[in-house]
Amino acid sequence: MIYIAVLGYGTVGSGVVEVLERNKESIRRKATDEISVKYILDLREFPGDPYEDKLVHDVNLILEDPEVSIVCETMGGVGAAYQFTKLALERGKSVCTSNKELVAAHGPELLALARAHTCNYMFEASVGGGIPIIRPLNSALTAEEIESIEGILNGTTNYILTKMEKEGADFEEMLRRAQEKGYAERNPEADVEGHDACRKLAILSSLMLGKNVSVDKIHTEGISKITAADIRYAKEAGRTIKLLGISRRVGEKVQVMVAPFLVGPDNPLHAVDGVFNAVCVTGNMLGKSMYYGKGAGKLPTASAVVGDVIDCARHLGKVITCFWDEEEADYAGLEEVENRFFLRVKTGAEEAMEALFPQGKIVRFPDRKEDFGYITVSMKEKDFQERCGILGDTVCNTIRVEG
Ligand code: HSE
């Protein structure tokens, strides 16, 4: 019997217990032993819950129990979760987590700690919910030099943007619906302002480079300024709006950004709708490969945590996790990046637009008198920003155009 403990009995934690129960038989075969939840740690009481007898409030019961060899950290945050993870790893207990905030903030330290104590720190569920992407980067793709990673890394924002486009629904209502479905973070700002995608991109980029990519070095924009009008113009231009996380090697440096983009149908990410996430990895031998699936939600995320538990159970006493250095990556500035740009501009500024952004394309609707859309040719970010500054508040919104 392999005993585990679950720290945090919220959405993901209770999902972990459910996955272990529902797939008990096949998990026993794959792990080559039965996996049993011995403790569930939470500050709250759960009267009448079938697992009430496993509930504890003192983490020391878990840490001091030599029978517990694997801990699932599904608490979230970087306070108690960080302390408990360190204490568990120091006692040689492997930790499996969905906590991207913690992995992005302290990944290299926790991986080194696991290695020093011959156990594992696993975080498949921290990026893309149930999609296998950490394991491919650490195993199947290790022969590659990864050139870039581009992905839709947040289910809530992809759900909102998809619904806004398909149903003409408004932002607030769709955010509420995503929250009801359990996709959104407790603080929706983390989703809609791109911080959640930024943490996931930091993890993927660090694995791509083997060096640390910090969240505060990633240029991050969210979707809260995207309006129904922007989506309508994008559609008219044959594109859709997606919040993308992009990490690209430029020589020895890396360019990292999270921002909304107009994406065309030639990009496979164009077809990724709703709560689905997808990560497109370009390697120097394989070329492009894409990993697609449910990026949020209780059971998909819990399934990825349990997958890590099984891996740990199969490799007790062995280090199987990857390694990424504490050394900081070398970042390339965004000013030199070239993109096309979409602008929504107040009517009357047509001549100014053509003078500042020659050879662009106007997009118009007969029923919209107040503004028009404009797509520039490819130009450097710094030149674009300078010219936008000249236009001032004539510009209602700007969004980068992918490809
Ligand atoms: N709030 C996250 C999302 C959950 O919507 O993608 C999974 O990380």
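The 1.4 Å probe gives accessible areas that order Thr156, Thr220, Thr118, Thr32, largest first, as Thr32, Thr118, Thr220, Thr156.
Annotation: amide H of Ser69 within the under-5 Å range of Tyr3, sequence separation 5 or more or interchain, hydrogens built in the peptide plane.
Computed about the Cα centre, the dipole magnitude for the chain is approximately 880 debye when only Lys and Arg (+1) and Asp and Glu (-1) carry charge, each at its Cβ.
With 18 Å as the limit, write out which pairs from Lys346/Lys382; Lys163/Lys225; Lys100/Lys298 have Cα-Cα distances beyond it, or answer none.
On the way: Lys346/Lys382 22 Å; Lys163/Lys225 16 Å; Lys100/Lys298 15 Å.
Violating the 18 Å limit, Cα to Cα: Lys346/Lys382.
Normalised per residue, the accessible area of the chain is 43 Å², obtained with a 1.4 Å probe and no contribution from ligands, DNA or RNA. Residues Thr11, Thr321 ordered from highest to lowest accessible area at a 1.4 Å probe: Thr11, Thr321.
In order along segment 211-219, phi translates into HN-Hα couplings of 10, 7, 10, 8, 4, 6, 9, 9, 5 Hz, rounded to whole numbers, per the Karplus curve 6.51 cos²θ - 1.76 cosθ + 1.60 with θ = phi - 60° and x for Gly and Pro.
Only Lys, Arg, Asp and Glu count, each charged at its Cβ (+1, +1, -1, -1), so figure out the dipole size of segment 136-294 about its Cα centre, rounded to 20 debye.
On the way: 20 positive and 22 negative charges, 43 e Å.
Roughly 200 debye for segment 136-294.
Pairs with C-alpha atoms separated by more than 18 Å, drawn from the list Lys166/Lys242; Lys253/Lys288; Lys235/Lys380, are Lys253/Lys288; Lys235/Lys380.
Sorting Leu87, Leu343 by accessible area puts them as Leu87, Leu343; the probe is 1.4 Å, largest comes first, and only protein heavy atoms count. Between amide H atoms placed 1.01 Å from N, distances below 5 Å from Ile40 occur with Val6, Leu55, Val56, all of them 5 or more places distant or on a separate chain. Bridgeable lysines around Lys54 (alpha carbons under 18 Å apart, same-chain partners fewer than 8 residues away excluded): Lys24, Lys38.
Shown in residue order for segment 253-259 are the 3J(HN,Hα) couplings computed by the Karplus curve 6.51 cos²θ - 1.76 cosθ + 1.60 at θ = phi - 60°: 9, 10, 9, 10, 7, 10, 6 Hz (x for Gly and Pro).
So, with a 1.4 angstrom probe, what is the percent of accessible area on the chain that is carbon and sulfur? It would help to have the intermediate numbers written out before the result.
Values: 8400 of 17250 Å².
So the carbon and sulfur contribution to the accessible surface is 49 percent.
Considering only GluC sites (Glu not before Pro) in DSSP loops that have at most 13 other Cβ atoms within 10 Å, the longest stretch of the chain without any of them is 146-251. The alpha carbon gyration tensor of segment 33-78 gives principal lengths a ≥ b ≥ c with a/c of 1.5 or higher and a/b no greater than b/c, which makes the shape oblate.
What does DSSP give for the chain in terms of the percent of beta bridges that are antiparallel, rounded to the nearest 5?
That works out to approximately 65 percent antiparallel.
Residue-wise HN-Hα couplings along segment 100-116, as the Karplus relation 6.51 cos²θ - 1.76 cosθ + 1.60 with θ = phi - 60° gives them from phi, are 5, 4, 5, 4, 5, 7, 9, x, x, 5, 6, 5, 5, 5, 4, 4, 5 Hz; Gly and Pro carry x. Between 0 and 90 degrees, the angle of helix 171-180 with respect to the longest Cα principal axis of the chain falls at about 10 degrees.
Note down the net charge around Ala332, summing +1 for each Lys or Arg and -1 for each Asp or Glu among other residues with Cβ under 11 Å from its Cβ. Don't skip to the answer; put the middle values down first.
Values: positive: Lys217, Arg248, Arg249, Lys253; negative: Glu252, Asp330, Glu335, Glu336.
My count for the surroundings of Ala332 gives 0.
Within straight-line reach of Lys200, meaning a Cα separation under 13 Å, sit the following aspartates and glutamates at least 8 residues removed in sequence or on another chain: Glu101, Glu124, Glu150, Asp191, Asp216.
The values are calculated or read from the model by the stated rules, or taken from the named source; none is laboratory data. Computed from a prediction, not measured in an experiment: that's the story for all the values here. Glycine also receives a Cβ, built like all others from the backbone with ideal geometry; neighbour counts cover every protein chain displayed. Quick note on the areas: whole protein, heavy atoms, side chains included, nothing else; ligands and nucleic acids left out. Shrake-Rupley method; radii C 1.70, N 1.55, O 1.52, S 1.80 Å.
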